[in-house]
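First the structure, in the form of structure tokens, and then the observations on it.
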Amino acid sequence: MICVSSSSVSLKRALGFWWLYTLAVGAVVGDGIFTFTGYAVASAGPSVIIAYLIAGITQMFLMLSFGELAVWKPTAGGPEPWCRELLSPTAGFLAAITFSIGWVIAGGTVGLAIGTYTYNLLKYGGITLEPMWLWVAILAIIFVTIFAILNILGVEIAAGTQFVLTLILIGLMVAYAASATPHINPSYYSDFMPNGIWGMIAAIPIGVYAYMGASTVVFAGEEAKRPVDVARVLFWASLTFIVVYTWALGACVGTLKYSEVVKFYEAIYAASAEKVWGPIAGAIMTFGAWLAAATCLLMGTMYQPARDFYNLGRLGYRVPRWFGYVHPRFRTPTWGIVFTWAISVVLIVLGTIAGQTLGYAVLCYELVWAWCVSWFLTLLAAIKFRRSHSDIVSKLPWRVPAWPITPAIGMIGILLSVFAMILDLTMSYGAHVAILTIGIGVAWVALLGLLAKYYIIPKDMFRKSGA
């Protein structure tokens, strides 16, 4: 393919409200809801419901805080132009690229999850493939490849597929919650906090990991038919996953004993359904887990990083020029999608070699850290936007409600997530693992910032911004 400049070929405005809505709801991280939640229950017991509520509510206030920026400058770069103009070019680059890094990491973790769910579905059907580790990796790579191809072929194709899969997923989760609620055994809630309040707090970042994907929609600004819909979706998507998944989680821990929860690679909703109704129900909920992982990969990992890379490439950042390529027929950032796919495949292979448990948990927490950095910088930009551009804010078709309470709660959520992440790593693996994980996170962000300031960001951006 010949490199085509972004001035001659642009992204296509094809996403209406409902496609943006299912993009955001579906991008809620699939293995966080179905697999990593087992790890949260092991830490918090039934009080995981409270931990996830805290995570979901603070995330909703955080998402609401970004709405004005999304309407002010709708862009494929998400927070990049907002933070660049309101804070500094370095902050703009970091806010966008750390979010992309998070989604690329998810390509490995969620990729392995969908491989596992597919393997388990085949087992329900009487097909057992050996060795398991190899087939999980093969199945993961197959589906990551399919989702990459769908994204290359056009945003309408990818988003239309996402719409169907997400509606099935929501319907399935509501049906499960409604059907399981009458089977709740109140005695299962008796030991509500088996590891005390600290165990409950330690589960909060797992809830953040589970719910964090909704903000992906801010990178759809140039493909939204009405940019104001992006701001509206940030609220309605957040409300949907808080209500649906809190209800389902309450039913799950009420039908599954604390001692019956397996930490990793078993969808706890499938375990609950199989216990209550039998193997067929377990298979149906495993399919739900597959759907959650699929929608996460389809319009999360394979969608968002490519838009960010495209934005960086067209603006003249020192990144590969082909990042700025848009296919003239499909109008998608083709090479950015291919690049993300390649890294996801590598991470799936490395994850297979390294195994699960500690490696899986650390990768998930590096993702949480990456997005906390992005959110922190974006929230600072939102606060500054309100203070320095009040005249523009007053004319926007969408306003952040309950200002400044909304961003304050969002900031508390970010800080609580980082604290709880350190706490959980310390309680589960020891202080040395917590220090190492956070140390690695701080180091790579700092190095990335230095690399951006002294090499990646064009010097004229600093002159224009006065930074």
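Considering only residues that are more than 14 Å from the chain's Cα centre (by Cα), surrounded by 24 or more Cβ atoms within 10 Å (Cβ to Cβ) and of a type outside the set (Phe, Trp, Tyr), which ones fall in the range 14-29?
Hits for the range 14-29 are 15, 20.
Tally time: how many residues in the range 132-183 are within 16 Å of residue 330 (Cβ to Cβ) and either touching a residue at least 40 places away in the same chain (Cβ under 8 Å) or surrounded by 21 or more Cβ atoms within 10 Å (Cβ to Cβ) (or both)?
Selection size over the range 132-183: 13.
Let's see how each residue does on (1) among the hydrophobic types (A, V, I, L, M, F, W, C); (2) out of contact with any Gly (no Cβ under 9 Å at 6 or more places or on another chain); (3) closer than 27 Å to residue 372 by Cβ:
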| residue | (1), (2), (3) |
| --- | --- |
| 77 | no, no, yes |
| 80 | no, no, yes |
| 84 | no, no, yes |
| 101 | yes, yes, yes |
| 115 | no, yes, no |
| 144 | yes, no, yes |
| 179 | no, yes, no |
| 182 | no, yes, no |
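Of all residues in the range 426-447, count the ones that are part of a helix (DSSP H, G or I) and without any contact (Cβ under 8 Å) to a residue 40 or more places away in the chain.
Count: 12.
For residues in the range 185-216 being assigned to a loop (DSSP other than H, G, I, E, B) and out of contact with any Gly (no Cβ under 8 Å at 6 or more places or on another chain), which is surrounded by the fewest Cβ atoms within 10 Å (Cβ to Cβ)?
It comes out as 190.
If residue 269 satisfies every condition in (1) aromatic (Phe, Trp, Tyr); (2) in contact with a Cys (Cβ under 6 Å, 6 or more places away or on another chain); (3) surrounded by fewer than 21 Cβ atoms within 10 Å (Cβ to Cβ) but one, which is the exception?
(3)
Looking at the range 307-329 only, could you name the residues that are of a type in the set (A, V, I, L, M) and buried (at least 22 other Cβ atoms within 10 Å of the Cβ)?
Residues satisfying the conditions are 312, 326.
Which ranges mark the helices (runs of 4 or more DSSP H) fully within the range 247-327 that have 2 or more residues being basic (Lys, Arg) and under 18 Å from residue 108 (Cβ atoms)?
none
In the range 330-347, how many residues are outside any helix (DSSP H, G or I) and either surrounded by 23 or more Cβ atoms within 10 Å (Cβ to Cβ) or at pLDDT below 95 (or both)?
The qualifying residues number 2.
Checking the condition outside any helix (DSSP H, G or I) and either out of contact with any Lys or Arg (no Cβ under 7 Å at 6 or more places or on another chain) or surrounded by fewer than 16 Cβ atoms within 10 Å (Cβ to Cβ) (or both), which residue from 396, 423, 367 passes?
396
Those residues that are out of contact with any strand residue (DSSP E or B) (no Cβ under 7 Å at 6 or more places or on another chain) and closer than 18 Å to residue 307 by Cβ, I need them from the range 227-247; list them, please.
From the range 227-247, those out of contact with any strand residue (DSSP E or B) (no Cβ under 7 Å at 6 or more places or on another chain) are 227-229, 231-247; that's our starting set.
Correct list: 227, 229, 231, 233, 234, 237.
Can residue 407 be described as loosely packed, with under 13 Cβ neighbours inside 10 Å, more than 18 Å from residue 364 (Cβ to Cβ), touching a helix residue (DSSP H, G or I) at 6+ places or on another chain (Cβ under 6 Å) and in contact (Cβ under 8 Å) with a residue 12 or more places away in the chain? Talk me through it step by step, then tell me what you get.
Numbers: loosely packed, with under 13 Cβ neighbours inside 10 Å: no; more than 18 Å from residue 364 (Cβ to Cβ): yes; touching a helix residue (DSSP H, G or I) at 6+ places or on another chain (Cβ under 6 Å): yes; in contact (Cβ under 8 Å) with a residue 12 or more places away in the chain: yes.
Against the criterion (loosely packed, with under 13 Cβ neighbours inside 10 Å, more than 18 Å from residue 364 (Cβ to Cβ), touching a helix residue (DSSP H, G or I) at 6+ places or on another chain (Cβ under 6 Å) and in contact (Cβ under 8 Å) with a residue 12 or more places away in the chain), residue 407 does not qualify.
Can you tell me which residues in the range 164-194 are farther than 28 Å from residue 293 by Cβ and under 29 Å from the mean Cα position of the chain (by Cα)?
The answer is 192, 193, 194.
Kindly list the number of the only condition in (1) within 20 Å of the chain's Cα centre (by Cα); (2) small (Gly, Ala, Ser); (3) at pLDDT 85 or above; (4) farther than 16 Å from residue 224 by Cα that fails for residue 32.
Status for residue 32: all satisfied but (3).
Is the range 52-70 home to any residue that is closer than 26 Å to residue 380 by Cβ, more than 20 Å from the chain's Cα centre (by Cα) and outside any helix (DSSP H, G or I)?
No, there is no match, as no residue in the range 52-70 is closer than 26 Å to residue 380 by Cβ, more than 20 Å from the chain's Cα centre (by Cα) and outside any helix (DSSP H, G or I).
Within the range 324-339, which residues are under 17 Å from residue 223 (Cβ atoms) and not charged (D, E, K, R)?
Passing the criteria: 324, 325, 326, 327, 328, 330, 332, 333, 334, 336, 337.
Output yes when any residue across the range 448-462 is surrounded by fewer than 16 Cβ atoms within 10 Å (Cβ to Cβ), assigned to a helix (DSSP H, G or I) and charged (D, E, K, R), and no when none is.
Among the residues of the range 448-462, at least one is surrounded by fewer than 16 Cβ atoms within 10 Å (Cβ to Cβ), assigned to a helix (DSSP H, G or I) and charged (D, E, K, R), which makes the answer yes.
Suppose we filter 90, 128 for residues that are over 17 Å from residue 347 (Cα atoms) and modelled with pLDDT of 95 or more; which single one remains? Write out each step before concluding.
Values: 128 fails: modelled with pLDDT of 95 or more.
The conditions single out 90.
The values are calculated or read from the model by the stated rules, or taken from the named source; none is laboratory data. A quick note: this is a predicted structure, and the numbers were derived from the prediction, not measured. Note that we place each Cβ from the backbone using ideal geometry, even for glycine, and neighbour counts take in every protein chain shown.
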